[in-house]
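Peer 1: Before I ask anything, let me first share the structure, which is written out below as structure tokens.
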Amino acid sequence: MTSLITASQITELIEGDLQGNSNLEIHGAYDLTPGKELHISFLNKDSDLTSFHESLSDLIIVSKNMEIETTNKSIIFVDTPKSSFFKVVNHYFKFALNEVDSGICSSAHISSSSILANDIKVGSNVVIEDNVEIHAGVSIGPNSYIGKNASIGEGSIIHPNVSIYNNVKIGKNVIINSGSILGASGFGIIQQNKSLNQVPHIGNVIIEDNVVLGASCTVDRATMSQTVIGEGTKIDGQVHIAHNVRIGKNCIIAGQSAIGGSSRLGSNVILGGQVGIIDNLNIGDNCKVAAKSAVMKSLESNMTVSGIPAIDHRTRKRLDVLISKLPEIAKKK
């Protein structure tokens, strides 16, 4: 942040109603508990007001539906406190993790056949192979590798130590966090004459616009066609996407989940942490899978499932109640 921001500027940005000091200078954003002087925080709709009164923060975003007693804090009333707070953070206080200095580091190795926009950032020891296309505003962190014929769309950020293999196509405004590997060969095995032979993978990986990949994710290349992650999808760290998988738009996949080869996820699917989906399944739009579930069969759209094997969540809860009563039932026999 290069200059101080006032409460009135923040109020205008999020179209809220300010109660308090419009000239209050805000130095940053902080958690409500414990809070921090001259910082902004937010109060969830269902949060305890005790947190509000005990917070050290001087400017707090709250819901329009909340009644706040007299306070010496400045308050901004909005419809959605959480989203408004992060709009403020993104606009005024966001900083780039592992930010690369402007320009191209002298230690980077870049093929003369690659096409690079003028305003890209390339960190130390980056390798960019033949016929790569890097579009405007792209940042590539130190020690990353970009294979032949790959492309990275406008405004995308590649953090340090990322490996992008040959022919991988990355869209606009994509974020790939450190340690992720895109386009390695998938786990295709043919058993022949008591030996195991690796299937050649000659397809590629397509990452559509506005996708986020967490740290240490793997996205395997397709056997013949494409492995696809749809526009707007957000993937947590340590997630494995196997060969030929196709993920729809605006999906959320939490950490340590794995999706088996050739499975299909529709749009707006949510997977909790450590979910496993076996190969060749179809998961319909808007499905939700609870953490630590194992999906063993295809799911129709709008289903919510949990458990091992994953079944309808309401049925699972009823089963859990019955199972908890088994010891008592056994004693009566």
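Peer 1: Where both residues lie in the stretch 5-93, what percent of DSSP beta bridges are antiparallel, nearest 5? Before the final figure, lay out the partial values.
Peer 2: Details: 5 of 15 bridges.
Percentage antiparallel, nearest 5: 35.
Peer 1: A further question follows. Could you tell me the distance between the Cα centroids of the stretch 26-67 and the stretch 190-213, to the nearest Å?
Peer 2: 48
Peer 1: So which of Lys36/Lys234; Lys297/Lys331; Lys249/Lys292 end up more than 27 Å apart, counting from Cα to Cα? Please list the in-between numbers first.
Peer 2: Numbers: Lys36/Lys234 30 Å; Lys297/Lys331 36 Å; Lys249/Lys292 23 Å.
From Lys36/Lys234; Lys297/Lys331; Lys249/Lys292, over 27 Å: Lys36/Lys234; Lys297/Lys331.
Peer 1: Work through the residues other than Thr304 whose Cβ is under 12 Å from its Cβ and net out their charges, Lys, Arg +1 and Asp, Glu -1.
Peer 2: Numbers: positive: Lys288, Arg314, Arg316, Lys317; negative: Glu300, Asp312.
After counting each charged neighbour, the total is +2.
Peer 1: Can you list the residues, at least 5 places off or on another chain, whose amide H is less than 5 Å from the amide H of Thr227, using H built in the peptide plane?
Peer 2: Asn204, Val205, Ile206, Ala222, Asn244
Peer 1: Pop out the ³J(HN,Hα) list for the stretch 117-122 in order, Karplus 6.51 cos²θ - 1.76 cosθ + 1.60 with θ = phi - 60°, rounded to Hz; leave Gly and Pro as x.
Peer 2: Rounded to whole hertz, the list is 5, 6, 9, 7, 10, 10.
Peer 1: Further question on the same structure: Rounded to the nearest 0.05, what FRET efficiency do Ser112 and Lys45 have when you use their Cβ-Cβ distance and R0 = 51 Å? It would help to have the intermediate numbers written out before the result.
Peer 2: Working: r = 57 Å, r/R0 = 1.12.
Computed FRET efficiency for Ser112 and Lys45: 0.35.
Peer 1: May I pose another question? Given the C-alpha centroids of the stretch 79-158 and the stretch 258-303, what is the distance between them in whole angstrom?
Peer 2: Each part reduced to its Cα centre gives a spacing of 31 Å.
Peer 1: Return the long-range amide H neighbours of Glu133 (sequence gap of 5 or more, or a different chain), with a cut-off of under 5 Å between placed amide H atoms.
Peer 2: Sorted by chain and number, the residues that satisfy this are Ile115, Ala150, Ser151, Ile152.
Peer 1: Would you work out the relative contact order for the chain, in percent, from Cα pairs under 8 angstrom that are 6 or more residues apart? It would help to have the intermediate numbers written out before the result.
Peer 2: Details: 957 pairs, mean separation 21.5, N = 333.
Answer for the chain is 6 percent.
Peer 1: Another question, then. Hey, rough spin-label estimate for Asn173 and Ile270, points 7 angstrom out along Cα→Cβ, what's it come to in nanometres?
Peer 2: 2.2
Peer 1: Something else now. Please list, in order along the stretch 271-287, the HN-Hα scalar couplings obtained from phi with the Karplus expression 6.51 cos²θ - 1.76 cosθ + 1.60 (θ = phi - 60°), rounded to whole Hz, x for Gly and Pro.
Peer 2: 10, x, x, 6, 7, x, 10, 6, 6, 6, 9, 10, 10, x, 4, 6, 6
Peer 1: Using the beta-carbon distance between Glu300 and Asp17 and R0 = 51 Å, what value does 1/(1 + (r/R0)^6) give for FRET efficiency, to the nearest 0.05?
Peer 2: On the way: r = 44 Å, r/R0 = 0.86.
Once the sixth-power term is evaluated, E becomes 0.70.
Peer 1: Let me check I have the definition right: for the chain, take the eigenvalues of the Cα gyration tensor, multiply each by 5, take square roots. What are those semi-axes in whole Å, largest first?
Peer 2: Equivalent ellipsoid of the chain: 40, 35, 15 Å, largest first.
Peer 1: Excluding same-chain residues fewer than 8 positions from Lys94, which lysines have a Cα within less than 16 Å of its Cα?
Peer 2: Of all the lysines, those that pass the test against Lys94 - Cα under 16 Å, at least 8 places apart if same chain - are Lys82.
Peer 1: Enumerate the amide H contacts of Gly35 below 5 Å, restricted to partners 5 or more residues apart or on another chain; note that Pro and chain-start residues carry no placed amide H.
Peer 2: Here the answer is Leu56, since their amide H atoms fall under 5 Å of that of Gly35.
Each reported figure results from applying straightforward, stated rules to the coordinates on display, with no laboratory input. The structure displayed is predicted, hence computed values, not measured ones. Every residue, glycine among them, receives a Cβ derived from its backbone with ideal geometry; neighbour counts consider all protein chains shown.
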